[in-house]
Each structure stands twice: as structure tokens, then as C-alpha cells.
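A short worksheet on the structure shown next.
The values are calculated or read from the model by the stated rules, or taken from the named source; none is laboratory data. Bear in mind that the values here come from a model prediction, so they are computed numbers and not experimental data. Cβ coordinates were reconstructed from backbone atoms using ideal geometry, including for glycine residues, and neighbour counts include every protein chain displayed. Side chains included, ligands, DNA and RNA excluded: accessible areas come from the protein's heavy atoms. Shrake-Rupley method; radii C 1.70, N 1.55, O 1.52, S 1.80 Å.
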Amino acid sequence: MATRKEIKQEAVARVKDEREARRARKDELKAMTPEERTAAKASDKAAAREAKAAAKAERVEVRANLNRAERRALKRRERVYRKVKHRPRRAIGWGITAAAGVGVVALAAPYVGGIMRVASLEFTDDTAEAVAAREAALEVAESISDEGMVLLKNEGDVLPLAGGVNVFSFASFNLRLGGGGSGGSSIAGAPTLYEALEAQGVGYNTELYATMEDAGAEHSEGSSNAFVQMAALALGTGGGEPAPDYLTDEVMSQAAEYSDTAIVVLSTSGGEGSDLAAEDLRLSDEQRALLDTVTAAQDNVVVVVNSGNQMELGFLEEYPEITAAVWMGTPGPQGAVSLAKVLSGEVNPSGRLTDTYAYDVESAPATVNMGDHDYTNVGRSFLDYEEGIYVGYRYYETRFEGDEAGYAEAVQFPFGYGLSYTEFDWDVAEPVVTGDAVTVDVTVTNSGDTAGKDVVQVYFSAPYNGGIEKSAIELGGYAKTSELAPGESETVTVTYAVQDMASWDTAAGGAYVLEAGDYGISARTDVHAPVAEFTHEVAKDVIFGADADTGVEYENRFDYVEGDLTYLSRTDWDATYPVAPDGTETASDEVLALMDPEIAPAQGEAPAYGADNGLMLSDMVGLGYDDPAWDEFLDQLTLAEQAELFSHGAYMSAAIERLGVPSITMLDSPAGLNSLFSSIEAASYPTEVVVASTWNDELAYALGESVGTEANAYGIEVWYAPGMNLHRTALGGRGFEYFSEDPLLTGKMAAAMVSGSQDQGVLTTIKHFVLNDQEVNARSGINVFVSEQALRELYLQPFEIAVKEADAAGAMSSFINLGGSWAGGNEDLLQEVLRGEWGFEGFVSTDAVLGSWMDPELAALYGNDWMLAVFPSTTVKQITAAAESDPAGVGVGLRDRVHALLFTIARTNAVG
């Protein structure tokens, strides 16, 4: 058998040969005429697809003739090869690799003056009100992590635990309770797993614990500083599972005498600034060796999956001794307590997965294009969403429709999956379909002997005729029961709009179309497990040509974002399957123009400045956005004051004392308030992926309400949350910080959090608007291309839900360029869709201003109200000069931006 070193050398040589071949082909293509190059690249893509299909068929044939050990060795070779091939992914973004050695100082060097300003922020976090808010927050956090745990496997009812247990793995000493970066939070003082087990009366093997300590395992709090967290993740300094050499025969014999049941914690980590390679979501050699050792000595092994990203969990089926598994995600400060309660049976798990768990994370078509891809003719990266609408379960359920064997080979745990310690029976009523809505009543009865909660999921299936792309199934709505005692019943109602079943028709000019045919409506325990199915006939096509709430007509607005791409289609999976860029791509003239747009001065009148109308901002409280009094108030501002207000959007706004405009404070993060540059004592919460795993909107509301209560106690007016990008793949570094692969679940959870916070008077910013689904190159101005159908049906839908259902007061535009047009300066996105189609009346802030593509002139002209510029003086100079040279264009735009942000400030508790 080859040694680890030999396998790695083989992989390095293989990757080297492939790279040399790509470079040679790149040189060949450069020597061709443009027409020859286009034809050759199309031929190369077709050949790549054929080669991939042939390789897959060959692997299947080879594996069929191998025994288990040989298959494992083959998988090991492929794992090492993929790890070597994708090695650059984690180190790209934020420039962290170079900066890590000198920490925060080097990263912040260009912004020293601005940082001094935000570092001066002080919070009233030591009052009785603040202490009470944090104590209440702890209960909210625990309620969420209680319901967010997902029971994946429980053969022979090994859970709840019946006695003492052996706990293995270094990971068990430091559970991953959150993620890293601006979406992280402090978990200092959180109970450890061992403390939680002890508190629940679950005995654990203290001799085994001492053995691991002697081998180097130790509990550490870790840093709460976002920059340190990001640097550690990028450089891989967060520690890992060592080889289990310390588990000698004597140790394992003692463990077997103590108990025949073991817990093994397996963890991965993600964070802002870097993405994961597929290898990071697979068992390491050390983790597999640990499982080999433990399963050889223990009859029942309970695996705890401690990861905010979807790990490959096929190993759960490889070891007969693994009889139970619990997914805990990254569950916040009380995560260990909730886990212990689930293991002991005090809590009956009721969480459900928010993502599809495939045996191979790279089987998702979106992974093909993920990563670092650069143009050859301009310093810009790009990313193609060639998978179209087929993300997550939309791909697997559609690709394997009617092919159960293929599905079973590809998917281990479907979207929405989760077990319980009890059983439930459902009585599903016939759906009621009106012209506007679909309603399904389900009576849930606890037919087991343990109290518990259940989740009812309702899906629809639209007819497909080979035209508009459609997923075989989509989530329509869901409801969670209250806790039902054995024998108790409850009827829940799930309602969704008929228009939700329509699809965006780009070819027809842009509208949602409900095509004629039979629509399936089903109640399911997960996306692949129907309990009751019904059919509803639509007699003729129904066209939704305008927004139902605002009346604004729909139209195609993002043709330039589609690019010259072939999008995945169920009419021919193989011919349209994504192909990775080959390194010869150039930005077209159209894209280059979008990247550097020319702004011609506008004709018209300049805005008024410096009027004496005797109005204070307090006079504007309660007035509508379009009230004429706003014009009188805005006329009082000078250009310098407007520039200051617009440019100071980083954590604390500018004050205009003479007009009663206060400075307000704005802080991250979705998992609890944190301040990147100053000290604050605040509560932490479960990450969003765990919040969504509760499938309980009331708990999401409670989180928002709790943060709002804290923010009021500390003197904070705006909360940079929630994060609403999708889990496009399992590899996204901020998967923990976002809710799900599904836009409806994402939107509903976000809307609940927004409502909870804003009901306390603390405004929110739904983020990152839009397409910030990858960390690699996100902070250097990446161009993202996507079909308008996918953009609207997947990536915009969560934000639309939050705007319409929760009246979100703010949004944070993303770093991303749509095609080549920066999101923060994109009129179609911010003015036509957000404010036009959806009727949004709040403010838009940029993400952290990190480069020249985040142009304040474009922001002022096209709908971005605040520049989150840590070093605002440069922005002040730029926008002032632009407004002076183009008073009727940039000057008027700047006035509009200031109107929006002052309307926001007037809504906060800072003005009264």
C-alpha cells in the first residue's frame, strides 16, 4: 500500500501535468484568430464534458470490482488529489495570508484615521438594563439551539443515552459554536461539552478525558476579534484532530470496561474571507483513523457533526458501529448545553436540515465554477453561475426525478430531513386553491410515547414542457407544531401565494408565468418524503405582469448579467452541464464598459443649499417619505454637510448639531452584536444556519427581539443583519452566517428576525444585496454572471420577502458586480427592483469600502445612501468634487441619498 507521502507526490505530479497542459493550450488559443478561438473553446468545453462523463463511468466500473479496503484507498488518492488541486481557494480574499503575520495593524494601516474614530465608540453595556438583556438573551439562544439540533440517525434507539459514555476527539474539547469574521461573536465563558454532560447527569469517562489532556487536548476560548478569526481560518491555524496514537490498547480496554457507547465529535470551521475546499468537508486521515479505532472497541458510536457547512457524511454508513448521529451546526453559546439535553433526552430533537447533504459535495453543478478565475485582459475576477436555477435540492430532485437508484446514490440526507424520539401521524386535508392562494391544513398527532414537535413542509411541482426551466419541486411553505404530548393533536395551516408557483419567463420579455397543466401539491416530512399528494389543474396560462403590491410592471432588467453563457437545462443535462473556465477568458467590451462607466453631467437645476427654514430633524419624525416638509428640511443642508452624512456610514454616522441630526451607531453581526474596532460586552446567539434549522419563525423573531432589546440598552440604533445570501454550494466560507440553500426558508427566517428587531425600534440591514455567495475574490470586485430567472427566483427572492413581509428599514449592497456593474451603483437593482417593484422606502448602505470599483458617484446617482467607509475623508472629497462638477446629476442624487438616510435616522430611538 502506498504511503501518504507517495500518494501526495503522485497528486502533485498529476496536478502539475494538468496545469502545464492548460498553459500549453492557453498559448495555442492565444495564437488563434478570435473566430478560431471561439470555436476551439466551444470544442474544448464539449470535450471536457465527454471526458468527465467517461471518467465517471470508468470509476463506477472500477469500483464495482474493488473490495472495501481498495475502494477506501482509491477514495484516499482522489481526496489528496483534489486537496492539492484546490489548495489556493482558502487563501484568497481579504489579503489575509499576507496580513496575518502582523494581524490587525497591517490590515487596518490605510484606515488609521478612520479607525481612530470608530475605535472611540463607547457603549452603555454595564447598566442593569444591559445585564438583564444579556441574561434574557442566553435563554433565547438556548431555546434556538435546543430546536436547531437535527437527529440524523438513531438505530436501535441508542439515543437518548441510557448511561455513562466515552467521549473521544480533540474536537470535543472545543466545540465550534460560531463562525469567524464580522458574522462571528464572542463565545467566551460558554459551557464545554463535558460541563454540559455533567450538568445533565450524563457520566463520562474521566480517565479517557485525562488521556486526551495528556496527549495535548485542551480547552481554549479563542479570539473574538474578527480579523484574528479570519487570519486563523485562512492559514489553517485553528487546530485539527491529531493521529489517535494516544489511544493505546490499554486506553481502549479501559474505555470498553467503562461503557459500550461512545461519542465522537467531528468538526469543520468556516469564516469570512475564505472559502472551503471540498477536502475540508471530508474526513481527514486522522479523523478516519480515530473512527477506525473507536468503532473497533465500542458497540455503539454516536457521531456529533459540528459544522456550519454540509460535510460529506457517507462514513456514517461505512461503520456498523455508528448507530446514531446528531448535527449540531454552529449553535452559539449554549450549544453544548443543548447537545447534552438532546443526548440525555431532556430535549426531543425537532430540527430539520436546511440543505441537501450529498455523498459528494462536488456533485453539485455550482461547484464546477466556484473558485478563483481571472480575465486575461483586465485585473478583475469573474464567476459564472452556469447551474442556473438548479441549486441544492432543485438540482438533485430534478436531475434524479424518476430515478430512485440514482438519487439514493447521490443524496444521503434530503433538504428538510430530521428524525425525532417519537412518532407522528398526519391527516392532510385537500388543498384549498383560490385565485390568489393555496392553503393546506394538516392535523399532526403524536402517536409515540415522548413529547415532541414536528415540522410540516408543503411543496409544489410545476409542469415542465421543455420551455421555461423549472425545478421538479419547490418549497411552498412550512409550519412547526407546538410541543405535543403523546396522543395530543394539533392542526397547522400552511398558506402560500398562487404566484409563487409561477416561473420567470425571460424569453417573453420578463414576467412570471403560471403555465397551464397539472400542479402537484404535497405535504412532506422532507423534500423527498411525501405523506400526501394532490393535483391541481391550471386550465390556461396565467401571466403576472406586474408586482401585486406596488403595481410596477415587470420587465427583463438584467440581460447584461446573463453574459454569453450556456445555462444548465433539464432538457439535456450532459450537454449543458457547467464547465470550469480554462484561463483564457477575456472581458468583452460591454463588460469593460460596465466596469468603468462614463458619467455625463446632467442637465437641470442644482439643489438648494443652506436655506433657513427653522426645521429640526425631530420635526420630521412620523412624516412619510414623500411628505413635502422633507424638501424644506433638506434645503437647509449645505453640500459639505451632505457629503459628511453620505460618507460617514461606517459604524457611526455624522452628526449635524445645528439641525438636530444625531450620530447613530451601527454594528454587526447576525450572531450577536459585535464591534470590530472597540470593546463591547454583548450576548451571542446561534448562527443563522442553526436558526433556520429550527424551522420555527417564532424563534427567529425572538432572536431579533432579543438583539433589539440589547441594542437599546447599549445605545445602538442599526443592526447589520441578517445575512441572506444562499448556500449555493457547501463550500462557501460564510455558510454558517446564511440560512439555507432555499430562498423561501431564507426569506421567512430573515423577515422574522427583522420584525423582531424593528419592533424594538432597532433598524436592520438585510445583506448582502446581492450574489455574495462566495468569499474568494469577493473583496476585489468580482464580476458575477447569472440568468435573470435564477437571479429573481433564487437570489433576490429572500430580500423581497424581507422587504414586503417585515418592512425592512435597510439593506446592505454587496461587493459584487452584476455582470460588470457594482451592486452598490446599480440602478436596476437598487432603484428599479428594490425601490420600484418592491416599494422599499429604507436606506441602502455599502459593505466595507475596499476598492475603487465601489464608486461614491455611482452610489449617489443610483440609490446607495451610505458609504461604509472606515476612512471617509477620501469619499468626502470625491463626492464633493463630483457634486460641484455635476450639480444636477450627482448633486441631486446626493440629496436623494441624504433624504433616505435622514428618514432612517428619524425612525430610530436616537430622535425623539
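At a Förster radius of 35 Å, what calculated FRET efficiency corresponds to the Cβ-Cβ distance of Glu488 and Ala256, to the nearest 0.05? Provide the component values of the computation, followed by the final result.
Numbers: r = 42 Å, r/R0 = 1.19.
Computed FRET efficiency for Glu488 and Ala256: 0.25.
Work the Kirkwood hydrodynamic radius out for the stretch 809-904: mean of 1/r over every pair of different alpha-carbon atoms, inverted, in Å.
13.1 Å
Step through the residues of the stretch 608-619 one at a time and calculate ³J(HN,Hα) from phi using the Karplus curve (6.51 cos²θ - 1.76 cosθ + 1.60, θ = phi - 60°), rounding each to whole Hz and writing x for Gly and Pro.
Values per residue, Gly and Pro as x: 7, 9, x, 5, 10, 9, x, 9, 10, 4, 4, 5 Hz.
What Rg and what Dmax come out for the stretch 387-512 when only alpha-carbon atoms are used, in angstroms?
17.4, 56
Heavy atoms of the protein only, probe of 1.4 Å, neighbouring chains included. What is the accessible area of Ile656 in Å², nearest 10?
In the full protein context, Ile656 sits at about 10 Å².
Per DSSP H run of at least 4 residues, take -39500 (n - 2.57); add these up for the chain, divide by its residues and hand me the 222 nm value, nearest 500 deg cm²/dmol.
Estimated from H runs of four or more residues: -10000 deg cm²/dmol.
Classify the stretch 644-784 as rounded, prolate or oblate, taking a ≥ b ≥ c as the square roots of the eigenvalues of its Cα gyration tensor: rounded when a/c is under 1.5, otherwise prolate if a/b is larger than b/c and oblate if not.
On the way: a/c = 2.06, a/b = 1.32, b/c = 1.56.
Here the stretch 644-784 falls in the oblate category.
Between the helical axis of 4-30 and the dominant principal axis of the chain, each derived from Cα atoms, what acute angle in degrees is found, rounded to the nearest 10?
40 degrees
Ranked from highest to lowest mean number of other Cβ atoms within 10 Å per residue, what is the order of the peptides 843-856, 262-275? Don't skip to the answer; put the middle values down first.
Details: 843-856: 22.6, 262-275: 26.1.
Peptide ranking by packing, descending: 262-275, 843-856.
I'd like the carbon and sulfur percentage of the solvent accessible area for the stretch 823-908, probe radius 1.4 Å, heavy atoms only, ligands and nucleic acids excluded. Before the final figure, lay out the partial values.
On the way: 1050 of 2230 Å².
Reported share for carbon and sulfur atoms: 47 percent.
If packing is taken as the mean number of other Cβ atoms within 10 Å per residue, what is the order of 423-435, 778-790, 876-888, highest first? Please report the intermediate quantities before stating the final value.
Working: 423-435: 14.6, 778-790: 23.6, 876-888: 18.9.
Packing proxy ranking, top to bottom: 778-790, 876-888, 423-435.
With the calculation restricted to Cα positions, what are the radius of gyration and Dmax of the chain in angstrom?
27.5, 87
Can you give the angle from 0 to 90° between the axis of helix 226-235 and the longest principal axis of the chain, with both taken from C-alpha atoms, to the nearest 10?
50 degrees
Using the heavy atoms of the protein chains and a 1.4 angstrom probe, tell me the accessible area per residue for the stretch 289-434 in square angstrom.
Values: 4000 Å² over 146 residues.
Per-residue accessible area for the stretch 289-434 comes out at 27 Å².
Which whole-number percent gives the relative contact order of the stretch 502-579, counting Cα pairs below 8 Å spaced six or more residues apart?
Relative CO of the stretch 502-579 lands at 24 percent.
Return the subset of Lys153/Lys480; Lys540/Lys804; Lys341/Lys767 for which the Cα-Cα distance in this structure is over 23 Å, preserving the input order. Working shown, then result.
Working: Lys153/Lys480 21 Å; Lys540/Lys804 28 Å; Lys341/Lys767 33 Å.
Long pairs (Cα-Cα over 23 Å): Lys540/Lys804; Lys341/Lys767.
Near the amide H of Gly181, under 5 Å away, which other amide H atoms are found, from residues 5 or more places off or on another chain, if H is placed in the peptide plane?
Here the answer is Gln229, Met230, Glu272, since their amide H atoms fall under 5 Å of that of Gly181.
Expressed as an acute angle from 0 to 90° and rounded to the nearest 10, what is the orientation of the C-alpha long axis of helix 335-344 relative to the principal long axis of the chain?
Between helix and principal axis, roughly 40 degrees.
On average, how much accessible surface per residue is there in the stretch 610-699, in Å², for a 1.4 Å probe, leaving out ligands, DNA and RNA?
Values: 2970 Å² over 90 residues.
That works out to 33 Å² per residue.
In percent, how large is the relative contact order of the chain, given Cα pairs closer than 8 Å and 6 or more residues apart? All intermediate terms of the calculation are to be shown ahead of the outcome.
Working: 2001 pairs, mean separation 136.0, N = 912.
About 15 percent, as a whole number.
How much of the accessible area of the stretch 158-218, in percent, comes from carbon and sulfur atoms when a 1.4 Å probe is used?
Working: 960 of 2230 Å².
C and S atoms contribute 43 percent here.
Need the C-alpha centroid separation for the stretch 384-420 versus the stretch 329-354, integer Å.
That distance is 26 Å.
Indicate the gyration tensor shape class of the stretch 110-225 (rounded, prolate or oblate), computed on the Cα atoms with a ≥ b ≥ c the square roots of the eigenvalues: a/c under 1.5 is rounded; otherwise a/b larger than b/c is prolate and the rest oblate. Write out the running numbers ahead of the final one.
Values: a/c = 2.44, a/b = 1.80, b/c = 1.36.
Judged from the Cα gyration tensor, the stretch 110-225 comes out prolate (a/c at least 1.5, a/b above b/c).
Evaluate the distance, in nm, between pseudo-label points positioned 7 Å from the Cα of Glu346 and of Glu61 along their respective Cα→Cβ axes.
5.8 nm
Take the Cβ-Cβ distance between Glu50 and Asp449 as r, set R0 to 51 Å, and report the resulting FRET efficiency rounded to the nearest 0.05. Walk me through the numbers before you get to the answer.
Values: r = 56 Å, r/R0 = 1.10.
In this case the efficiency is close to 0.35.
Between the stretch 781-857 and the stretch 443-468, how many Å separate their Cα centres?
Here the two parts' Cα centres lie 32 Å apart.
Compute the Rg to Rh ratio over the stretch 608-671 from the alpha carbon atoms, using the Kirkwood formula for Rh, and round to two decimal places. Could you put the intermediate results ahead of the total?
Values: Rg = 13.2 Å, Rh = 12.9 Å.
My calculation puts Rg/Rh at 1.02.
What ranking of Lys470, Lys153 comes out by heavy-atom accessible area, probe 1.4 Å, highest first? Walk me through the numbers on the way to the answer.
Values: Lys470 5, Lys153 30 Å².
Of Lys470, Lys153, the descending order of accessible area is Lys153, Lys470.
Share of the stretch 526-580's accessible area from carbon and sulfur, percent, 1.4 Å? The partial results should precede the final answer.
Details: 1350 of 3070 Å².
Carbon-and-sulfur percentage of accessible area, whole number: 44.
For every other residue with a beta carbon closer than 9 angstrom to the beta carbon of Gly418, add +1 if it is Lys or Arg and -1 if Asp or Glu, then tell me the sum. Please list the in-between numbers first.
Numbers: positive: Arg352; negative: Asp526.
Computed value for this residue: 0.
Over the stretch 754-872, give the accessible area per residue in Å² for a 1.4 Å probe, as an integer.
17 Å²
Apply the Karplus curve 6.51 cos²θ - 1.76 cosθ + 1.60, θ = phi - 60°, to the phi angles in the stretch 726-737 and return the couplings in whole Hz, x for Gly and Pro.
Per-residue couplings from phi come out as 9, 7, 4, 9, 7, 9, x, x, 9, x, 5, 8 Hz.
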